[in-house]
Amino acid sequence: MLRITGGKVCDPANSIDGEIKDLFIDDNGRFVASVSGGRTIDATGMIVFPGGVDVHTHVAGGAVNFARAMTPEDHRRTQAFMRTKTRRSGLGGMAPTTFATGYLYAGMGWTTVNEAAVPVLSARHTHEELADIPIVDKTSLTLMANNEIMLDQLEQGEFERAK
């Protein structure tokens, strides 16, 4: 049982726009009219909203790996996420490791991230990294518009090679 009290609730799906109210969640994770006992979170002065969806991120793939390679100082000076029974280790910084990315986004209230530009030639690697990001849901958009090799193959009708 969970009670969230005093928060400014924003929930467009239920037409709640900034109303200060208490929320009650049962042991199955469902909203109910009220609960007795359980944990209470005082959200006074805070905004309570459904998990956020970041529709344009760069959290995995070649561009992020390039950024990691170009900022080696991050590995020396940033806060490390230490390994525990429930968490793997990782590094933050300008281009966090995949595991740190998941923890950082979840810590900010995001539940879903979308990798906005996945070049076709590096899609497999990008998806391997996305699979390694914990906690949050992941989606991606394929980037085909500026891949000269791909565009040439499509223009020449070489659809099998373009795959």
Q) Just to be sure, is ASP27 more than 30 Å from HIS125 (Cα to Cα) and at pLDDT below 90? A) yes
Q) Which number in (1) assigned to a helix (DSSP H, G or I); (2) closer than 30 Å to ARG161 by Cα; (3) at pLDDT 85 or above marks the one condition that TYR105 misses? A) (2)
**Q.** Selection status of VAL9, modelled with pLDDT of 90 or more, under 29 Å from THR139 (Cα atoms), assigned by TED's automatic domain parsing to the domain that holds LYS138 and under 23 Å from the mean Cα position of the chain (by Cα)
**A.** no
Q) Any idea which residue in region 47-83 is surrounded by the fewest Cβ atoms within 10 Å (Cβ to Cβ), counting only those that are among the aromatic types (Phe, Trp, Tyr) and closer than 25 Å to THR111 by Cβ? A) PHE49
Q. Can ARG30 be described as out of contact with any strand residue (DSSP E or B) (no Cβ under 9 Å at 6 or more places or on another chain) and in the same structural domain as GLU115 (by TED's automatic domain parsing)?
A. no
Q: Working only within region 61-98, note down all residues that are farther than 21 Å from ASN114 by Cβ, part of a helix (DSSP H, G or I) and touching a residue at least 40 places away in the same chain (Cβ under 8 Å).
A: none
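The values are calculated or read from the model by the stated rules, or taken from the named source; none is laboratory data. Here the structure is a predicted model, which is why all the values come from computation and not from measurement. All Cβ positions, even for glycine, are placed from backbone atoms using ideal geometry, and neighbour counts span all protein chains on display.
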